[in-house]
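The values are calculated or read from the model by the stated rules, or taken from the named source; none is laboratory data. Please read these numbers as outputs of a predicted model, since none were measured by experiment. For neighbour counting, all protein chains shown are included, and Cβ atoms are generated from backbone atoms with ideal geometry for every residue, glycine included. The area values use the complete protein model at the heavy-atom level, side chains included, leaving out ligands, DNA and RNA. Shrake-Rupley method; radii C 1.70, N 1.55, O 1.52, S 1.80 Å.
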Amino acid sequence: MKGNGMTLTVDELASLVGGERSGDGSAVIRSALPLGAAIPGCVTFLSNKHRADRLAACQATAILVPHGVEAPGKTTISVADPLAAMLRAAERLEPADPPAPVGIHPTADVDATVEIGEGVWIGAFAVIGPHVRIGPRSRIHPHVVVESGCRLGADVEIHSHVLLCRRTEVGDRSVIHAGAVIGRSGFGFRLQEGSFRRVPQLGSVVVGADVEIGSNTTVDRATFGATVIGDGTKIDNLVQIGHNCRIGKHNVLAGHVGVSGSCTTGEYVMLGGKVGVADHVNIGDRTRVGAGTGLDGDLPANGSFMAGIRAMPELQGKKVAVLAASLPDMRREMAQLRRRLEALEAAAGIEPRRAAG
Amino acid sequence: MKGNGMTLTVDELASLVGGERSGDGSAVIRSALPLGAAIPGCVTFLSNKHRADRLAACQATAILVPHGVEAPGKTTISVADPLAAMLRAAERLEPADPPAPVGIHPTADVDATVEIGEGVWIGAFAVIGPHVRIGPRSRIHPHVVVESGCRLGADVEIHSHVLLCRRTEVGDRSVIHAGAVIGRSGFGFRLQEGSFRRVPQLGSVVVGADVEIGSNTTVDRATFGATVIGDGTKIDNLVQIGHNCRIGKHNVLAGHVGVSGSCTTGEYVMLGGKVGVADHVNIGDRTRVGAGTGLDGDLPANGSFMAGIRAMPELQGKKVAVLAASLPDMRREMAQLRRRLEALEAAAGIEPRRAAG
Amino acid sequence: MKGNGMTLTVDELASLVGGERSGDGSAVIRSALPLGAAIPGCVTFLSNKHRADRLAACQATAILVPHGVEAPGKTTISVADPLAAMLRAAERLEPADPPAPVGIHPTADVDATVEIGEGVWIGAFAVIGPHVRIGPRSRIHPHVVVESGCRLGADVEIHSHVLLCRRTEVGDRSVIHAGAVIGRSGFGFRLQEGSFRRVPQLGSVVVGADVEIGSNTTVDRATFGATVIGDGTKIDNLVQIGHNCRIGKHNVLAGHVGVSGSCTTGEYVMLGGKVGVADHVNIGDRTRVGAGTGLDGDLPANGSFMAGIRAMPELQGKKVAVLAASLPDMRREMAQLRRRLEALEAAAGIEPRRAAG
């Protein structure tokens, strides 16, 4: 992000993003940097008008701000959507990524039976197995392995070191990030005569359209039928989706989420980082679950759920850990105190105020 | 799972699985699908007789049920083990995976000193270092890297993008899933003069027989000697096993489990998803730990342990988080109430009922 | 770790490590093993003098102990730093790793524009994109992919199956372990007309000097500018660092840590295993956070924080989970008890002892 030699004046930038300038319009901008790293010569942006107090110490040459934000002594450009404006500025100022290659790299190992659409790229050392179909303009990065019978739609992007196991389907415009493993034989075992024997996993994984699956995320294939990731769903890095799950459309699953086998989610479900879901749990449409929550039962639609204890100083935290374990004792002691109080009230002729609480 | 063109009548299926048919024996079955995704033309199965209420809405052409389950109006095949019967049906109806290849792919980079047993497969672009030994019928998928001095038993399967670091040993019939990293130099540092210096990790990893290690799981090598994974143990995806651990036989470790350095587990230990274990912890035989539990001390054998707060509506959850942090205050207030109560009881001449709780 | 045929007598070992021998100086040592796995013929070590009770059952031929530790009936070598002495012993007794290769493997795919320093190794099937610079003596293992414009310092080591996305920078002497993904386009989406649209991530990742990044860890690139990992910081396996984070110098982040977008940490911050950090959180210098803690707000410098419930027997754990959810009810009931007690005290003419708690 050291800039690409391109520059813009503040007025040129205001014109580019359709904003209203306040301050020195002739100052020169060479880079686009976030507020926390802003330096003279750069443009930065403020997305949240409630954080306007952060502008006082800002050294950027220009600041893209939402309408209504004042920054005395600063050069600002007021716009409706500062992030969108910042993206336009950065795309102009920063070096463009090299143009996307097209064609099949000579080192790629592509089976003779593979069907390849127009404009496809298959990178170095990629391995494409028998009877795979790859839709037009899809991009298979170096070192990807696509096993037999997989079907990829149009404009799909598969990053380096991904494994798509046999018969995986990926819908149009979906992106699978580096190192993800889609369709391995899931974690199904039965204890027989003292040993765990594998239950064959005969199904596959079906990834919908407009899906993103993060780096090093794993999605296990179904025992029968398919593990499904619904259209438009975005899954972060290092997530585990167990066999037989049916994740709905337009879900957002944050990093380190773990979903055990045979779960379902509705549409627009959001699971925060490190949420863990026990097997066979069903989560309703538009329900949100806070980071770190463990679920062992179904959740209705339209809810917002959490579970957790806040970080606290270590000494207090150790006391709380001990007292939490003694909650059954506290509960019992409180019941005992109530009974003793009732006895005293009776002796004193006072009517207990049960409803007062 | 769209079927392979093979079909079975219900009576043919009943005969195949040795079950007792009730309903239309001539109906034709083309696919095998789970209960939640069953459609006309498929066979499905019910594994848990207590879920028989789920059959009423089922549209499958035939349902494999445990003995004793009634499903009025449905065509059923009653068997002792519905899952086993379903697997037999699916293996007949679904497309078979292509036969396993044998031999060394011409692009694989195999050192001249490697010893290779009969019937071994080494896939495209695999890299096998000096003095590696690979037992008969083992299968090394494309893009695997096996460093110097590794020893693999018979019938081992190593999936794509796995790294076996130098001197890793893998026992007979064990499976390492895609992207796992076995034997990297573990997380050992000492703070010296303000910087963390690496403690050399001179040991290795020994994986027993009949082990499974999940996708993108990491097992670090020992400082001295070996990090050990016992025979028959099954480890899920995205698990971390620290250096110097000795995991016992026939353990089951679910997804995202993290075991710090120098821990030991007995036989038949089960750790639920996201369990975290501090370093130097020892867990006894047959002990089970519920999902999400953090352990910072030893656990005896034959126990069942957990720790956690249930998911609750966000507003309640926020209150609980605050109150949990104030448990030391509540504990203190309760002691104060008890003392005041005792003073009142003394004044009233009432004997405290200490033993009543 | 079966030894390499080299042997040492106890006296030779004592001389090698500059220690004081007690017991049989002529006994022969063939291997170096940890205390828990020690067998006759090996040397082992005790690092913590408070664990001297563990020596009684030890079968090692010699034990390296800290000064002042007595082990009646055992052969010991007393030294100032047993771990350092054990490392010297093991380096002598154990097989040396093969010498590091140098040069570019003929199968590597290295763009013609790459600048390569002296003594660099590029392993089999590595892919190095346009305009990459690699400093002297750096080691690129087999199957690494380095995208366009990356800059690697001197003595850098990149292990197998790592992806460095375009424009990633890695400082001198840093190590990236196998399967890590550095610089993927992070998890930034905006909901527009019912679908999540990707926010372009135009920035990059800058990894400082003397950093270690663990296996299968993911570091996402910034929206603008750079996601930064400070000099000397050590990151364990399976960690996720979100886009725009600025991780300080000499931090230690344990396995499965997840840091959401736009967080900052000071120097010498330590995050225990599975710590989760919400977005935009700032953590001060030298602050430590215990394993499993979730953070949703800033933490000051020099603190030590935790949050959690200890593992307990399952039955007790289930009760605690229920009671924790009912803490608001308990709080209310306790307030009610206090009011009733005050009424009784008033009736009895007793002054409430508010300050007594």
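Take the conditions (1) in contact with a Phe, Trp or Tyr (Cβ under 6 Å, 6 or more places away or on another chain); (2) more than 24 Å from B:H161 (Cβ to Cβ); C:P101 misses just one of them, which is (2).
Among residues that are at the interface with chain C (Cβ under 9 Å from one of its Cβ atoms) and part of a helix (DSSP H, G or I), A:R338 is included. Scanning the range A:289-315 for residues that are more than 9 Å from chain C (Cβ to nearest Cβ), open to solvent by 30 Å² or more (accessible area, probe 1.4 Å) and either in a helix (DSSP H, G or I) or touching a Leu at 6+ places or on another chain (Cβ under 8 Å) (or both) yields no hits at all. Might you let me know whether the range C:148-166 holds any residue that is closer than 27 Å to A:T107 by Cβ, within 12 Å of chain A (Cβ to nearest Cβ), of a type in the set (D, E) and surrounded by fewer than 23 Cβ atoms within 10 Å (Cβ to Cβ)? Checked the range C:148-166: no residue is closer than 27 Å to A:T107 by Cβ, within 12 Å of chain A (Cβ to nearest Cβ), of a type in the set (D, E) and surrounded by fewer than 23 Cβ atoms within 10 Å (Cβ to Cβ).
Can you pull out every residue in the range A:171-198 that is within 30 Å of B:R286 (Cβ to Cβ) and among the small types (G, A, S)? Walk me through how you get there before you give the answer.
The initial filter retains those residues of the range A:171-198 that are within 30 Å of B:R286 (Cβ to Cβ), namely A:184-198.
Matches in the range A:171-198: A:S185, A:G186, A:G188, A:G194, A:S195.
Any chance the range A:233-243 includes a residue that's in contact with a Leu (Cβ under 8 Å, 6 or more places away or on another chain), at the interface with another protein chain (Cβ under 7 Å from one of its Cβ atoms), open to solvent by 10 Å² or more (accessible area, probe 1.4 Å) and over 22 Å from C:A178 (Cα atoms)? Among the residues of the range A:233-243, at least one is in contact with a Leu (Cβ under 8 Å, 6 or more places away or on another chain), at the interface with another protein chain (Cβ under 7 Å from one of its Cβ atoms), open to solvent by 10 Å² or more (accessible area, probe 1.4 Å) and over 22 Å from C:A178 (Cα atoms), which makes the answer yes.
Looking only at residues of the range B:208-232 that are within 30 Å of C:A85 (Cα to Cα) and among the β-branched types (V, I, T), we find that the one that is nearest to the other protein chains (Cβ to nearest Cβ) is B:T218.
When the range C:150-169 is filtered for residues that are within 16 Å of C:G203 (Cβ to Cβ) and β-branched (V, I, T), only C:T168 remains.
Summed over the range A:267-286, the residues that are under 18 Å from the mean Cα position of the chain (by Cα) and under 20 Å from A:A307 (Cβ atoms) give a count of 11.
For the structure I just gave you, tell me whether C:A346 is at pLDDT below 95 and surrounded by fewer than 23 Cβ atoms within 10 Å (Cβ to Cβ). Give the derivation first.
Numbers: at pLDDT below 95: yes; surrounded by fewer than 23 Cβ atoms within 10 Å (Cβ to Cβ): yes.
Considered against the rule, which asks whether it is at pLDDT below 95 and surrounded by fewer than 23 Cβ atoms within 10 Å (Cβ to Cβ), C:A346 comes out as yes.
Looking at the structure I just gave you, is A:G258 away from chain C (no Cβ under 11 Å) and of a type outside the set (S, T, Y)? Spelling it out, it is not the case that A:G258 is away from chain C (no Cβ under 11 Å) and of a type outside the set (S, T, Y).
Residues considered: B:G284, B:G248. Of these, the only one that is farther than 19 Å from C:L315 by Cβ and either touching a Leu at 6+ places or on another chain (Cβ under 6 Å) or surrounded by fewer than 24 Cβ atoms within 10 Å (Cβ to Cβ) (or both) is B:G248.
Inspect all residues belonging to the range B:139-146 and state whether any of them is within 23 Å of the chain's Cα centre (by Cα), open to solvent by 10 Å² or more (accessible area, probe 1.4 Å) and within 14 Å of chain C (Cβ to nearest Cβ). The answer is yes, given that some residue of the range B:139-146 is within 23 Å of the chain's Cα centre (by Cα), open to solvent by 10 Å² or more (accessible area, probe 1.4 Å) and within 14 Å of chain C (Cβ to nearest Cβ).
May I ask you to list the residues in the range A:50-88 that are among the small types (G, A, S) and either in contact with a helix residue (DSSP H, G or I) (Cβ under 6 Å, 6 or more places away or on another chain) or outside any helix (DSSP H, G or I) (or both)?
Within the range A:50-88, the subset among the small types (G, A, S) is A:52, A:56-57, A:60, A:62, A:68, A:71, A:73, A:78, A:80, A:84-85.
Passing the criteria: A:A56, A:A57, A:A60, A:A62, A:G68, A:A71, A:G73, A:S78, A:A80, A:A85.
Can you confirm whether A:A346 is over 30 Å from C:G242 (Cα atoms) and within 9 Å of chain C (Cβ to nearest Cβ)? Spell out how you get there, then give the answer.
On the way: over 30 Å from C:G242 (Cα atoms): yes; within 9 Å of chain C (Cβ to nearest Cβ): no.
Spelling it out, it is not the case that A:A346 is over 30 Å from C:G242 (Cα atoms) and within 9 Å of chain C (Cβ to nearest Cβ).
Being modelled with pLDDT of 90 or more, crowded, with 18+ Cβ neighbours inside 10 Å and touching an Asp or Glu at 6+ places or on another chain (Cβ under 9 Å), is that true of even one residue in the range C:80-91? No; the residues of the range C:80-91 include none that is modelled with pLDDT of 90 or more, crowded, with 18+ Cβ neighbours inside 10 Å and touching an Asp or Glu at 6+ places or on another chain (Cβ under 9 Å). Filtered by the rule that a residue be open to solvent by less than 10 Å² (accessible area, probe 1.4 Å) and either basic (K, R) or within 16 Å of A:T264 (Cα to Cα) (or both), the range A:209-224 gives A:V219, A:D220, A:A222, A:F224.
Within the range C:143-160, residues that are aliphatic (A, V, I, L, M) sit with their Cβ atoms under 9 Å from residues that are in a strand (DSSP E or B) and open to solvent by 20 Å² or more (accessible area, probe 1.4 Å), at 6+ positions apart or across chains, in these pairs: C:L152/C:R133; C:L152/C:E169; C:V156/C:R139; C:V156/C:V175; C:I158/C:R139; C:I158/C:V175.
The criterion of being more than 8 Å from chain A (Cβ to nearest Cβ) and in contact with a Pro (Cβ under 7 Å, 6 or more places away or on another chain) holds for C:G284. Residues in the range B:329-342 that are open to solvent by 20 Å² or more (accessible area, probe 1.4 Å) and either at pLDDT below 90 or among the basic types (K, R) (or both): B:R331, B:R332, B:R338, B:R339.
Could you list all residues from the range A:29-68 that are among the aliphatic types (A, V, I, L, M), farther than 16 Å from A:A90 by Cβ and surrounded by 14 or more Cβ atoms within 10 Å (Cβ to Cβ)? Once the filter is applied, which keeps residues that are among the aliphatic types (A, V, I, L, M), farther than 16 Å from A:A90 by Cβ and surrounded by 14 or more Cβ atoms within 10 Å (Cβ to Cβ), the range A:29-68 yields A:A52, A:L55, A:V65. Pairing each residue of the range C:72-89 that is without any contact (Cβ under 8 Å) to a residue 24 or more places away in the chain with any residue that is open to solvent by 30 Å² or more (accessible area, probe 1.4 Å), provided the two are 6+ apart or on different chains, yields C-beta distances under 6 Å for C:L87/B:P200.
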